[in-house]
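Read-outs: derived from the displayed coordinates by stated rules, not from any lab. A quick note: this is a predicted structure, and the numbers were derived from the prediction, not measured. Ideal geometry is used to build each Cβ from the backbone, glycine not excepted, and the neighbour counts take in all protein chains shown.
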Amino acid sequence: MTVKAKEIVDGKFWILEDGGVKVATLSLSEDKYILSDKEGTRFVKNAQQIEKSFGKIDWSKLEITEVTNKEVHGFDASCVPHNPLYDVKNKLPLFTKSPKSKSLYCAGYYIIRFEKGWVKSFCPKAITLDRYEYKGPFKTSLEMRTELSKANAK
């Protein structure tokens, strides 16, 4: 199997993957490469030295697929959402920030009451909303600010 080098920063930083699993990172520092893998971090001079460790390497560019849908059940998300779901009991649009993540975030705008008072929040962690009083989700920042003004006036 060939290790694939995915270019992250043009001509400066790569991730080496074997079968979709990250095996190392490679970065260019002046005239040397810095290779970090399970054996540690070391300097290498050229691609031939890297291929001694990993075998044949495919140096094709990283294919970037542009995903512009940053929305979960009609509410804005802070990043491209993964694993979207809807908490029916609490009426919250939930998502994770990566496919394998276990941390749930709530899409939309919220106001949360901490000890110091009400604060605004965009896509807070679900556990934060479990622990503190909140109002939301709101679809827009304007709705959230209006509700924040009302809450602070009380």
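Here is how the numbers come out for the structure above:
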{"read-out": "Pairwise label distance in nanometres, D31 with D58, each label 7 Å out on the Cα-Cβ vector", "value": "3.4"}
{"read-out": "Cα shape, the chain, gyration tensor, a/c 1.5 rule", "value": "prolate"}
{"read-out": "Helix axis angle, 141-153 relative to the chain longest principal axis, alpha carbon, degrees", "value": "50"}
{"read-out": "Computed over the chain: relative contact order in percent, which uses C-alpha pairs under 8 Å that are six or more apart", "value": "13"}
{"read-out": "Local electrostatic count at R113 - Lys and Arg +1, Asp and Glu -1, tallied over other residues with Cβ under 14 Å", "value": "+2"}
{"read-out": "S78-A151 FRET efficiency (beta carbon distance; Förster radius 35 Å; 0.05 resolution)", "value": "0.95"}
{"read-out": "Nearby aspartates and glutamates by direct alpha-carbon distance to K116 (threshold 15 angstrom, same-chain neighbours under 8 apart not counted)", "value": "E133"}
{"read-out": "Over the chain: helical MRE at 222 nm, DSSP H runs n ≥ 4 each giving -39500 (n - 2.57), nearest 500", "value": "-5000 deg cm²/dmol"}
{"read-out": "Label-point separation, K70 to Y132 (7 Å along Cα→Cβ), nm", "value": "2.2"}
{"read-out": "Per-peptide average of other Cβ atoms within 10 Å, ordering 142-151, 47-56 highest first", "value": "142-151, 47-56"}
